[in-house]
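Read through the structure below, which is laid out as structure tokens, and then see the notes.
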């Protein structure tokens, strides 16, 4: 779930600080109450501090985990587009493996992936809008949806697509596994149903997903009977909007307010003394990186593959569905 680190440092506090420097008055006003371009500069400061490649721990969120399904490339979620900044890293886990610890590895987070029919162990993940997701349709009567988790009595199976567009245009995903209605059709909600609305379909339960949410797309799909992977994306939150002098700089904690001050003065320089802006901006970006190093000295491995590759033989085996005796994805 999203982080909720509080901040007491407001835009007004920032303006009051900047007023100490007389040369900033054309930007913020002599009295310190000029809203523009002060608010815009404050917003740009927030965006720069939280931009790539700055994976702050205080701004990272573990997305809801999901399980791979046969021939499904896209996995819709109710994560708001207003919350998703950028994908930081992603782990895949051989979830039904009985060894301890379960085999896991990293896959690469990328900006975009095209729809395709590749099969194999995924090597990349991106996010797209739910409106652009490739979805299935209701599969019909007496169709079994098996829980992919062995601990729930299931395991690798032959489920139909578990993310569909219902007849009224709502995005639906499986909430509870079971067997679809024996005759007739489910009582689908009206168009524009609220996210979280449930539909009973025999012993299957569907849940409506926010159409303004985001979908996770993998670059490879499972086949029937494939290995089941649990996908665990970690993302950075999008910077919140600054709308008034009372706005704070959350989720940036107060101990990093010096970076906010430095960045704001840097943008003031852009207007008052443009020739010095480039050097001031470069120094500020370096100070941001130094602050990250001071607060997080662990070795960064984002996007680096493990020494023993989780991808096995490689993507060249996708064209023929993997090794013939393994029915799609290779084992770890």
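Structure notes:
- Taking a point 7 Å out from the Cα of residue 131 in the direction of its Cβ, the residues of the stretch 217-248 whose backbone N falls within less than 20 Å of it are 217, 238.
- Tilt relative to the chain, helix 38-49 - C-alpha long axis, 0 to 90 degrees, to 10: 50
- Residue 142/residue 195 FRET efficiency (R0 41 Å; Cβ-Cβ; nearest 0.05): 0.90
- Inter-label distance, residue 276 to residue 212: 4.3 nm, where each label sits 7 Å from its Cα along the C-beta direction.
- Reported label for calculated semi-axes √(5λ) of the Cα gyration tensor in Å given [x] 46, 25, 15; [y] 33, 25, 21; [z] 51, 30, 27: [x]
- Sequence-distant contacts, meaning Cα pairs under 8 Å at least 6 residues apart, place the relative contact order of the chain at 29 percent.
- Using the average count of surrounding beta-carbon atoms within 10 Å as a protection proxy, the listed peptides 180-189, 37-46 rank, highest first, as 37-46, 180-189.
- With a cut-off of 13 Å on the backbone N, the residues of the stretch 210-228 near the modelled label site 7 Å out from residue 175 along Cα-Cβ are 210.
- Inter-probe distance in nm under a simple model that places probes 7 Å from Cα toward Cβ, at residue 62 and residue 21: 4.1
- Solution diffusion estimate, µm²/s, Stokes-Einstein, the stretch 197-289, Kirkwood Rh from C-alpha pairs, 25 °C, viscosity 0.890 mPa s: 130
- Among beta bridges that DSSP assigns inside the chain, antiparallel share in %, nearest 5: 90
- Degrees separating the helix 257-272 axis from the principal Cα axis of the chain, which is the longest one: 60
- Cα-based helix-to-principal-axis angle, 277-295 vs the chain, degrees rounded to 10: 60
- For the pair residue 152 and residue 244, a Förster radius of 41 Å applied to the C-beta separation gives a FRET efficiency near 0.25, rounded to the nearest 0.05.
- Counting all C-alpha pairs of the stretch 60-237, share separated by more than 20 Å (%): 53
- When both the stretch 51-71 and the stretch 211-230 are represented by their alpha-carbon centers, they are found 14 Å apart.
Read-outs: derived from the displayed coordinates by stated rules, not from any lab. Computed from a predicted model, the values in this text were never measured in an experiment. As a convention, Cβ positions derive from the backbone with ideal geometry for all residues, glycine included, and neighbour counts pool all protein chains shown.
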